Each structure stands twice: as C-alpha cells, then as structure tokens.
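Since the structure comes first, as structure tokens, the remarks are kept for the end.
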Amino acid sequence: MSNQKKYKICLALLIVAITGAIIPIIINRSRQQVQVAKDPTAMEAKEIRTYFESQEFSRLPIAEKAKFFEAIPEKQRREIMRPQRPKEGEKPQRPNFKAMQQMRKIREYQMEQRLNKFFSASQAEQNRMLDEDIARMKQMRSEMAQRRAEREKRNNNNNSAVGGNNNSQQNRPQRPQMDEQSKRDRDASMNPATRAKMRIYFEKLRQREQQTKK
C-alpha cells in the first residue's frame, strides 16, 4: 500500500473520530439552549413563587418567562405577587428584589411586543387596542377601589374589636420599594426606541379616552 493511500485512510479515520466526538457535544448544547418554562397551571401558588424566584427561571429566554407568567391563572398571579403576610411572631419579609427585576424585564418585553403590534396596525385596529386598554384600566381602578374599601372596613372592625389598638400594622408585609439606583437601572435597560414609542402610545391613549368620554 502506497504512502498516499495510507495517508488518505488515516485522514478519513481522523475525520470520523473527530466527527464522532463533536456531534454529541453539539447535540447536548442544542438541548441545553432549548430552554422551556414549566407549566404554571400544574403548579400550586407556592411552587410558582419558588420557581419564579429560582436561578432556573432566571436563565430562561425572556419570551419563555413572559409565556410562563401569562399562563398563570389570574387568582394565583395576584397571590404570588402580593407580599406574604408573616406568621404570628415573625418579622415582615423583605421585598425580593430579584423577583422584582424578573417582573420588570417581563413587563418591558410585553410592552415592547404590544407596542410593535400597535404601531404596525391600521388606524381602526389601533383604536380597538386603545379601547381595550381603556376598558382594562377602568376595571383595574374599580377593583383597586373595591379592595381598598374592603381593607379599610377590616381595619375599622379590627380597631373596634381591640379598642382602637390595632397592632396589625407591625405584621403587615412590606411593599416593595424601588430605590433610585433601581429606577436608573430600569430606565437604562429599556430600549430608547421603546421609550419613545411608549410616550406616543400613552398620549394616544389619553386622547382616545377623552374622545370616548364625549
């Protein structure tokens, strides 16, 4: 056998060996890259909260995070986003700023997707979307007013029951407060084009709301 044939055979065997070693790596990496969120409808509220605050969730693509959040039933969504009330004798829990950051990124992504859809739509479709948002905001205001009235009623009843010395304020879970640095990080993370679209959109929303009141 000539040296040239031996060289070709060795080269072919080397290529086969390299290919056999590389293909499993590529397959494994492709599997790792395809990250899909869990199904929240099959989870309890506590499980959803734990998963939402986990490193596993933080590594998901933003589209999968938004898909997961949007699939959470409304009742459970309110429960996991509401600060947890501590048990008797426990101190109020500190706000989970990592979860807040996750939520901010999801909201920004959702807003960006909606703005892109809005500005690519016809005028009639834009008006329909604006009307939907106006109706949604009215419903949210109504629900907030109702919850506030119910909360005030409970507080008044508690005050009356304990002779005006209501200590429930001490055990009330802290509301997450965004510091100045977090606000700057939020503004810096948002695409300038998205911020510009938001300003135009909310101006159109205000004008549409005024028109529908006439």
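Here the condition is being part of a helix (DSSP H, G or I), of a type in the set (A, V, I, L, M) and at pLDDT 80 or above; of 135, 121, 188, it holds for 135 alone.
Residue 60 fulfils the conditions (1) at pLDDT 85 or above; (2) in a helix (DSSP H, G or I) except for a single criterion, (2).
What are the residues in the range 82-99 that are among the hydrophobic types (A, V, I, L, M, F, W, C) and either modelled with pLDDT of 85 or more or surrounded by fewer than 15 Cβ atoms within 10 Å (Cβ to Cβ) (or both), if any? Residue satisfying the conditions is 97 alone. Might you check whether a residue that is surrounded by 10 or more Cβ atoms within 10 Å (Cβ to Cβ), modelled with pLDDT of 65 or more and within 21 Å of residue 109 (Cα to Cα) occurs anywhere in the range 13-35? Scanning the range 13-35, I find at least one residue that is surrounded by 10 or more Cβ atoms within 10 Å (Cβ to Cβ), modelled with pLDDT of 65 or more and within 21 Å of residue 109 (Cα to Cα), so the answer is yes.
Residues that are at pLDDT below 85, within 26 Å of residue 190 (Cα to Cα) and within 15 Å of the chain's Cα centre (by Cα): does the range 70-77 have at least one? Among the residues of the range 70-77, at least one is at pLDDT below 85, within 26 Å of residue 190 (Cα to Cα) and within 15 Å of the chain's Cα centre (by Cα), which makes the answer yes. Of a type outside the set (Lys, Arg), closer than 16 Å to residue 111 by Cβ and at pLDDT below 70: is that true of residue 179 in this structure? Judged against the criteria, residue 179 is not a match. Residue selection: residue 67 satisfies the criterion of being within 18 Å of the chain's Cα centre (by Cα), modelled with pLDDT of 75 or more and part of a helix (DSSP H, G or I). Taking residues in the range 116-139 that are free of Cβ contacts under 8 Å to residues at least 60 places away in the same chain, and partners anywhere that are of a type in the set (Phe, Trp, Tyr), the pairs with Cβ atoms closer than 7 Å and at least 6 places apart or on different chains are 129/118. Which of the residues that make up the range 39-57 are assigned to a loop (DSSP other than H, G, I, E, B) and either surrounded by 17 or more Cβ atoms within 10 Å (Cβ to Cβ) or modelled with pLDDT of 85 or more (or both)? Scanning the range 39-57 gives 39, 43, 44, 54. Contact map, the range 38-52: residues that are farther than 14 Å from residue 77 by Cβ paired with residues that are at pLDDT 85 or above, Cβ distance under 8 Å, separation 6+ or inter-chain. Pairs shown: 38/51; 38/68; 39/71.
Kindly indicate whether any position in the range 151-165 is surrounded by 10 or more Cβ atoms within 10 Å (Cβ to Cβ), at pLDDT 90 or above and over 25 Å from residue 68 (Cα atoms). No, the range 151-165 contains no residue that is surrounded by 10 or more Cβ atoms within 10 Å (Cβ to Cβ), at pLDDT 90 or above and over 25 Å from residue 68 (Cα atoms).
The values are calculated or read from the model by the stated rules, or taken from the named source; none is laboratory data. A quick note: this is a predicted structure, and the numbers were derived from the prediction, not measured. Please note: Cβ atoms are built from the backbone with ideal geometry, for glycine as well, and neighbour counts cover all protein chains shown.
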